[in-house]
Amino acid sequence: MTIGGSTAETELAALAPWADRAPAITLGERQDRLARVRVRTEAMGAQALLVNAGMSLRYFAGVPWGATERLVAMLLPLDGEPIMICPRFELGSLTADMAFEADMRLWEEDEDPFALVADALKGVTTLAIDPALPFQMAERLRRAAPGVTLVDGAPAIDGCRMRKSPGEIALMQQAKAMTLAVHHAAARILVPGITTGAVKRFIDQAHRALGAAGSSFCIVQFGHATAFPHGLPGEQALEEGQLVLIDTGCTVEGYHSDITRTYAFGRVSDEEQALWSLEKEAQAAAFAAAQLGVPCERVDAAARAVLEKAGLGPDYRLPGLPHRTGHGIGLSIHEPAYLVRGDRTPLDVGMCFSNEPMIVVPDRFGIRLEDHFHMTDSGPRWFTKPQEAIDRLG
């Protein structure tokens, strides 16, 4: 697919709601998640787990609420039904979002929700808490239940969330396929003078045209701005002979896509072309290193070895790779495990990662190619086909 030659109006008219939609997560799968996290909680020596509002509560209970200053949380004992702690005025909304029935413990605005949690902890000596629970809330809980030891619930929660089911993989596959289609459409609308803001607006409209709730995020960079991994403030206007870097995604049932393409608008320098090819080689090396049982950090090391052999780096020195090679992805756009030195988590079936070993030449340009893969019984599998060439998206 070539760059340019179309218009935003033409491309939007060609997009329609996604036909092959992945099914939502079933009640049976959520019940299985509760069973698995209980096993992990017990293995930690805890008798209950507290899950705060946020992506983990969505994972277990289907509640798509972000955390606020008001405590909304699920207390999951090893036996018995889940207990929901919730403001009374939110009961109707919470009940509508809950994937299953639970024991509702309600508090008024002038009452202490942590006293409700403490009252529900009868017989509990060790409570695993959501690692995303704010420190202030954890301290209030500690004061309300002084006889209960609080421990980090990450081994239980992250241990479940980082290994995706076939249903989760299907939802992520749809999100990534939608974003890749948007990338192709965005590349076709490029013309001299188009602004980064205009491209961002088009990308959001295109995601909506496919049935997503707009873009979950969008970074558009031209020329010099590509040297900054997350861009520069203000708008740029596209010129002939510039690199274009677009990093964007959407969500499907809460599951994220996150794909980056870097390509040439017109002819770019020989150096930019050579480093684009080196970036592709580093991405391929990371993918090849991602084998079952291998520690996550080795994937990062494989990408860096390619760059260091070419004289870049070493480590995080520039020109070179300024950040980790990749991150886990799912209901959170960045989640454990991470493809970075020091993360020795063994790669396992169902784990999903970005693969984005960006090359930065300080204050001049940067190149990032980002696709995602998931681990299968036979090794890594791409969600999206990597970009073919600097002047072609595929």
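Quick notes on this one:
- Rounded to whole Hz, the Karplus (6.51, -1.76, 1.60) HN-Hα couplings of region 55-67, x for glycine and proline: 5, 6, 5, 5, 4, 8, 10, x, 8, x, 9, x, 6
- Placing unit charges on each Cβ (+1 for Lys and Arg, -1 for Asp and Glu) gives region 239-394 a dipole about its Cα centre, and among 276, 336, 301 the Cα reaching farthest toward its positive end belongs to 301.
- For the residue pairs 122/164; 309/385; 164/200; 176/200; 176/280, the C-alpha atoms sit more than 23 angstrom apart in 122/164; 309/385; 164/200.
- Cα shape, the chain, gyration tensor, a/c 1.5 rule: prolate
- In terms of its C-alpha gyration tensor, region 195-293 has an oblate overall shape, because the principal axis ratio a/c (a ≥ b ≥ c, square roots of the eigenvalues) is not below 1.5 and a/b does not outweigh b/c.
- Total formal charge among the other residues, if their Cβ is under 12 angstrom from that of residue 65, Lys/Arg +1 and Asp/Glu -1: 0
- The accessible area of residue 39, taken with all protein chains in place and a 1.4 Å probe, comes to roughly 100 Å².
- Positive-end extreme of charge dipole, the chain - chosen from 346, 321, 205 (charges on Cβ): 346
- Residue 256 accessible area, assembled protein chains, probe 1.4 Å, Å²: 30
- Helices in the chain that qualify as membrane-span-like (whole DSSP H runs, Cα extent of at least 15 Å along the helix axis, mean Kyte-Doolittle hydropathy of 0.0 or higher) are 166-188.
- Gyration tensor (alpha-carbon) shape descriptor, region 248-327, a/c threshold 1.5: oblate
- Each Lys and Arg Cβ is given +1 and each Asp and Glu Cβ -1; about its Cα centre, the chain then shows a dipole of about 580 debye.
- Among 163-171, 379-387, the order from most to least packed when residues are scored by Cβ within 10 Å on average: 163-171, 379-387
- Expressed as a whole percent, the proportion of Cα-Cα pairs in region 46-104 lying more than 18 Å apart is 23%.
- Ordered from highest to lowest accessible area with the whole protein assembly present and a 1.4 Å probe, 111, 29, 9, 335 read as 9, 111, 29, 335.
- Here region 222-296 and region 128-177 have alpha carbon centers that stand 31 Å from each other.
- Comparing mean-square fluctuations of 346, 23, 322 from a GNM of the chain with C-alpha springs under 10 Å, the top value falls on 23.
- Burial ranking of peptide ranges 89-99, 298-308 (average Cβ count within 10 Å, highest at the top): 298-308, 89-99
- For region 95-185, with +1 on Lys and Arg beta carbons and -1 on Asp and Glu, the positive-most of 134, 150, 170 along the dipole: 170
- Less than 5 angstrom separates the built amide H of residue 335 from those of 328, 329, all sequence-distant by 5 or more or on a different chain.
The values are calculated or read from the model by the stated rules, or taken from the named source; none is laboratory data. Because the structure is a prediction, the values reported are computed rather than measured. Because the Cβ atoms are built from the backbone with ideal geometry, glycine has one as well, and the counts that use them run over all protein chains shown. To get the accessible areas, we keep the full protein, side chains included, count just its heavy atoms, and leave off ligands, DNA and RNA. Shrake-Rupley method; radii C 1.70, N 1.55, O 1.52, S 1.80 Å.
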